[in-house]
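Written out below as structure tokens is the structure these notes cover.
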Amino acid sequence: MLIEIVSSGGFGGVTTPPKKLHMDTAATSEEKRQAYCDAFDPDALSNLSLDGGNPNAADLALYTISVTDDQGQEHVFQIQEDAIPDELLDLIDGM
Amino acid sequence: MCGPTPCHNPVNCIIPPHMLRVMALRGDTSVQKMAKSMLKQNESVREERAEHTSGGMVPNAGRQGAFVTSALAFMDTRTHTCDRQIYDGDNKASLPGTPVRTEGQDPTGDPEVDRAYDGAGVVFDLCSHEFNRNSLDGNGMPLKATVHHRSKYNNAFWNGEQMAYGDGDGEIFQTFTELSVIGHEMFHGVVQFSGGLIYQGQSGALNESIADVFGTMTVQRHLDQDVYGADWLVGKGILGPNINGVALRSMKAPGTAYSDSLLGQDPQPFHMDVYVDTTSDNGGVHINSGIPNHAFYLYCMYVGGKSWEKPGQIWYRALQQINNPMATFGDWAAETLDAAIEIHGTGSWEYLMLRRAWRLVGIAV
Ligand SMILES: [Zn+2]
């Protein structure tokens, strides 16, 4: 599974350069691979992308997450920061 | 849902998405749930989450179009109580984190904690003494803030309930607990509890501008600066040490806060002729805010004195009375003029100068 994450926006708006992460789970340990596959499961991300986040929030970042599964199919999701579970944000910060 | 596909929910067909967004923003818990449920069914509009218990509104005491002002107009500022609660996020995403300093406790020695605490107090004081407002919601809500949010996090935000400040990565940003940033984030809370402005396009840019206006006002009042002595910068000193810029935004000269090989050029316009049409940044909310920001600056230059006096009183009154979460720049300008008339009278010098300021940024009202 290939995972690409681009975070953009926030208090700085377009000033803050987008932060880009790229991960090929094949290049990680079996333990991490499973953790990434679970965390970036397209069905789960799809549900998160349907949640627009808190409409009263301001200055949150927007995450564009692309997942290419083992069949070569690419899934792209846009998710507001506060709609992403804390554990997944911590995982992203550690990538 | 209302096109060729048969609609199974007649209410969903009747209420257009923009009205559902307002209901999701301003309704009580049950209305928020209903509106968000409908938005979720509408494939063109995302569901918006209902997590609030208050609905973001203060009772209006029967006055149409006036929210917090009428709820607070007769409250003695001596009854306002500051209740700061600062948390350490420990570089994780979970909010609020571990409590590290509450109201009345001594400084911790952690500069981020202590700046967040002191800054929240300065903003509370501005709200209380200049606008007779008891905290962000007008009802004394605790001022909750988390510092050290996430790891090398280049951002600060208001999440609808609290403020959160990252440490920055040390390269692009080096801190977010600067007073104008603290004031900015906290006034997003004031906007929310004053009826809200949808965070998209011009209404979103107004939300941003109001946060910048009162963020810089927070700094100016803290330093007891008049409008001519102020620098009118938002985020002064938060950029990394090697970034070529003085701040994130300039209300005096939008578009000139920085020019850097990594960040590029400050994109803010100062006039409607150079309004930026974009889909990024929620429709350019942090970009086009430069236009109403500059109008406020120009007005301050005309009337002089302190920004929290005549200009601040007009802006605050307009915020309490606008009652239009989808307001355009023109709607907002008209509301500030109405406020100027209420405070200073029709045809007053203050009114005429305000109209001139709006016209100078390309908004004819
Ligand atoms: Zn903001």
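A short reminder: the numbers here are calculations on the coordinates, not readings from a lab. Computed from a prediction, not measured in an experiment: that's the story for all the values here. Here Cβ is always computed from backbone atoms with ideal geometry, including for glycine, and neighbour counts include all displayed protein chains.
Just give me the residues in the stretch B:256-309 being buried (at least 24 other Cβ atoms within 10 Å of the Cβ) and under 13 Å from B:Gly362 (Cβ atoms), in sequence order. Matches in the stretch B:256-309: B:Asn288, B:Gly290, B:Ile291, B:Pro292, B:His294, B:Ala295.
When the stretch B:167-187 is limited to residues that are within 9 Å of another protein chain (Cβ to nearest Cβ) and crowded, with 24+ Cβ neighbours inside 10 Å, the one that is farthest from the ligand (Cβ to nearest atom) turns out to be B:Phe173. Only one of the numbered conditions (1) closer than 18 Å to B:Gly204 by Cα; (2) surrounded by 18 or more Cβ atoms within 10 Å (Cβ to Cβ) is violated by B:Tyr351, and that is (1). Residues in the stretch B:320-348 that are of a type in the set (A, V, I, L, M) and outside any helix (DSSP H, G or I) were compared, and the one that is nearest to B:Leu206 (Cα to Cα) is B:Ala327. With respect to B:Ser280, is the statement that it is farther than 15 Å from B:Asn207 by Cα, within 14 Å of another protein chain (Cβ to nearest Cβ) and without any contact (Cβ under 8 Å) to a residue 12 or more places away in the chain true? Here the answer is yes, as B:Ser280 does meet what is asked. Among the residues of the stretch B:240-260, those identified as among the hydroxyl-bearing types (Ser, Thr, Tyr), away from chain A (no Cβ under 11 Å) and away from the ligand (no atom under 16 Å from the Cβ) are B:Thr256, B:Ser259.
The criterion of being more than 24 Å from B:Gly304 (Cα to Cα), buried (at least 24 other Cβ atoms within 10 Å of the Cβ) and within 13 Å of the ligand (Cβ to nearest atom) does not hold for B:Leu206.
Entry remark, the stretch B:188-202: residues being within 9 Å of the ligand (Cβ to nearest atom) and more than 7 Å from chain A (Cβ to nearest Cβ) number 0 in total.
Selection of the stretch A:1-53 for residues being part of a strand (DSSP E or B) and touching a Lys or Arg at 6+ places or on another chain (Cβ under 6 Å) yields A:Val6, A:Ser7, A:Asp51. Under the condition of being more than 16 Å from the ligand (Cβ to nearest atom) and free of Cβ contacts under 8 Å to residues at least 40 places away in the same chain, the residues counted in the stretch A:49-75 number 9.
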